[in-house]
Amino acid sequence: MTTPPEPLLPTTGRALLHRLARAQSEGRAPSVAAAVVRDGETVWQGARSCVPDHAPDGNVQFRIGSITKTFTAVLVLRLRNEGVLALDDPLERHLPGTGAGGVTIRQLLSHTAGLASESPGPWWERTPGALRPTLADVLGERPFRHAPGARFHYSNPGFSALGSLVEKLRGAPWEDVLRREVLEPLGLRRTGLEPEAPHAGGWAVHPWADVMLPEPLEDLGVMAPAGALWSTTGDLARFAAFLAAGDERVLDADSVREMRTPAAPSEGSGVVDGYAYGFGMEVFGRGDRLLVGHTGSLPGFRASLTLDVDEGLASVVLGNCTSGLAVSALAADLVSLVRDAEPRIPEPWRPAGEVDPAVLELAGPWYWGTLAYVLRVRADGMLSLEALGPGRASRFEAAADGTWTGLDGYFAGEVLRAERRPDGRLSHLDLGSFTFTREPYDPGAPVPGGVDPQGWRGLP
């Protein structure tokens, strides 16, 4: 049985409230609600409002904008896990006649399909969805801005297409599928397409004067899967716990980890300028930390959900203003405040259970050329390969055929094999064609390029 996290210290709670209050004041937001989650449990909630004694609690709905995309991605990965589709299937295979059918589902999930950022015509977020009644209207006559797969380019119509895909394959409206397959199993009873009291009103605050006007509330129609949901800090706190650990009723831990893994950088490869994109989830750097989650906005509302998975921390921030409130920075700061003020106490070290002697034989120092590495046998049964100094690091999971598959880092997806001599003695490791030996350039093992016959020597 998991031990629930301890309550936060009063000093930490005050620091969180101070940061929230400063954001509401400096961002001139009518109201802001926030929550912090630790190890799956909500450990702090706070709110500020311009109306005295009327701050929203964890049950008040706000519109969450593009956080909706994360929910849509969950539905698509469920279809993948059931074998209904493959991520590299072209959209046309399951949803013909879109005019963009050559793009793959993977590209849509990671914003690499090359589709336009927005729907053609008037600003779709502030006009009725009836102006765009079909997916063809959302994509328009010229749906592409880039060649599919060429680069990351954020696309709201792309997630509208994924919502239509879900409807086609499930034979039911997107919202009904979402409620049945995600919201109800996770207990998210205050999340949906239509606001239900109590809910916040959306406001626009004048950029140069302390006055406001109400924003219109529009039904986004076909664009709903890209950004139409309403939710609460209470519901999104539970959703954050799911995105960190998975839930077998919805998506397993491996699948939510896949969502959090960078699939599309902003440019080039890796997490560029601190930002990349997974499947319906943003991945961004903050200092030495890698955070994941999603932000969202619609006229009248701003939202952010942020997770530090390694620390078991998450935060949710919801506000009811069109601009001004820096929700992403606030959400990241709430996580950082708890992590720095009350760092996680490590679990006690425990030895592994029974370890196969052939696996234990792999442990210890190895060399790729002259670069020193160490291979460790972990208590969870995995191997970890780490450079002794600057270099690459990856974890490896055992496969049934005796090989090991990289889970992360440079060697993600690569196969590690322990090669043996004819007499059964361990010779070397083969990792994606790299040879790792027990000593630098071991002359008794395959070494690309050979070994100088005079061996190691100093200056003549």
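General observations
- Top positive-direction residue, dipole computed over the chain with Cβ charges, set Thr232, Ser110, Trp124: Trp124
- Length gained on full extension, Arg93 to Ala398: 106.4 nm, using 0.36 nm per residue less the C-alpha separation.
- Dipole magnitude of the chain, debye to nearest 20 (Cβ charges: Lys/Arg +1, Asp/Glu -1, about Cα centre): 520
- Within the chain, percent of DSSP bridges classed antiparallel, to nearest 5: 95
- Theoretical ellipticity at 222 nm over the chain - DSSP helices of four or more residues, -39500 (n - 2.57) apiece, nearest 500: -6500 deg cm²/dmol
- Residue range of the chain that is longest and free of chymotrypsin sites (Phe, Trp or Tyr not before Pro) which are both DSSP loop and sparsely packed (at most 11 other C-beta within 10 Å): 209-348
- Förster radius 45 Å - calculated FRET efficiency between Arg249 and Leu426 (Cβ-Cβ, nearest 0.05): 0.55
- Placed amide H near Arg132: partners under 5 Å, 5+ positions off or other chain: none
- For a label point 7 Å along the Cα-to-beta-carbon line of Ala358, residues of the range 427-441 with backbone N under 14 Å: 427
- Each peptide among 178-190, 420-432 gets the average number of other Cβ atoms lying within 10 Å of its residues, and from highest to lowest they stand as 178-190, 420-432.
- Whole-number percent relative contact order across the range 178-236, with pairs defined as alpha carbons under 8 Å at least 6 apart: 42
- On full extension, the segment bounded by Tyr410 and Asp380 gains 8.7 nm, given 0.36 nm per residue less the C-alpha separation.
- The chain: relative contact order in percent, alpha carbon pairs under 8 Å with at least 6 residues between: 16
- Phi-based couplings in Hz for the range 435-442 (Karplus 6.51, -1.76, 1.60; Gly and Pro marked x): 9, 10, 10, 6, 9, x, 6, 4
- Of the peptides 29-36, 136-143, the order by per-residue mean of other Cβ atoms within 10 Å, starting with the highest, comes out as 29-36, 136-143.
Every number here is computed from the coordinates shown, using simple stated rules; none is lab data. Here the structure is a predicted model, which means the values were calculated and not measured. When we count neighbours, we look across all protein chains shown, and the Cβ atoms used for this are built from the backbone with ideal geometry, even at glycine.
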